[in-house]
Every structure is written in structure tokens, then in C-alpha cells.
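Below is one structure, written out as C-alpha cells; the observations come after it.
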Amino acid sequence: MRWVAFLLTCIGGINWLMIGALQYDFIAGIFGTQANVFSRIIYVIIGVATVYILVVTVFSKGKLKLYGYKKKKEKKREEIEDF
């Protein structure tokens, strides 16, 4: 879930970069106009993904983990440290 949200947030950031630098809205270019229903749905999905990433980052005290840690490897590390 976090990978998808992170990817959508990156796409939204690149779209804003293109709007600012090139005056071209990539999402609106694909679906016709900004007022198109599909464009608006994509904007909402990207916005929700951005809010999700922001909330996850705030609640994890500034650390965004895009993948989970495998407990088996951590357990092996603890056993090695005990020796």
C-alpha cells in the first residue's frame, strides 16, 4: 500500500513540476481537460495518496518505511549478537 501511495505521490510531484516549468498538465493532457471526470478522479487519488504518506510519516516520527522488516533476519541478528 505504501509503495503505491509513494509512487502516486511521485507522479503528482512530477506533474506539478511539468505545470510549473513547462506549463503542461500531463494528467489533463491524457484525459482531455482538467474538468474531465477521469482527470478529477486521478487528482483525488493522488491527493489521497499524498495525505496517506504524510500521515504515515508523521505517525512514524519522520521515518517512512516503504517495506516491512523481516522478523526472521532480525532474530538471526540477535542470536549472532548474543554469542
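The values are calculated or read from the model by the stated rules, or taken from the named source; none is laboratory data. Note that the structure is predicted; figures quoted are calculated from it, not measured. With ideal geometry, Cβ positions are generated from the backbone for all residues, glycine too; neighbour counts draw on all protein chains shown. The accessibility values were calculated without ligands, DNA or RNA, using every heavy atom of the protein model including side chains. Shrake-Rupley method; radii C 1.70, N 1.55, O 1.52, S 1.80 Å.
Please work out if Val55 is at pLDDT 90 or above, assigned to a helix (DSSP H, G or I) and exposed (fewer than 12 other Cβ atoms within 10 Å of the Cβ).
no
Please enumerate the residues belonging to the range 36-49 that are among the β-branched types (Val, Ile, Thr) and open to solvent by 60 Å² or more (accessible area, probe 1.4 Å). Val37, Ile41, Val44, Ile45, Val48, listed by residue number. Pairs linking a residue in the range 7-21 that is over 13 Å from Tyr43 (Cβ atoms) and free of Cβ contacts under 8 Å to residues at least 60 places away in the same chain to a residue that is assigned to a helix (DSSP H, G or I) and open to solvent by 50 Å² or more (accessible area, probe 1.4 Å), with Cβ atoms under 7 Å and 6 or more positions apart or on different chains, are Met18/Phe26.
Go through the residues of the range 6-14 one by one and say whether even a single one is over 26 Å from Lys65 (Cβ atoms) and modelled with pLDDT of 90 or more. Within the range 6-14, none of the residues are over 26 Å from Lys65 (Cβ atoms) and modelled with pLDDT of 90 or more. Just so you know, in the range 6-35 the residues that are of a type in the set (Phe, Trp, Tyr) and open to solvent by less than 80 Å² (accessible area, probe 1.4 Å) include one that is farthest from Lys63 (Cα to Cα), and it is Phe31.
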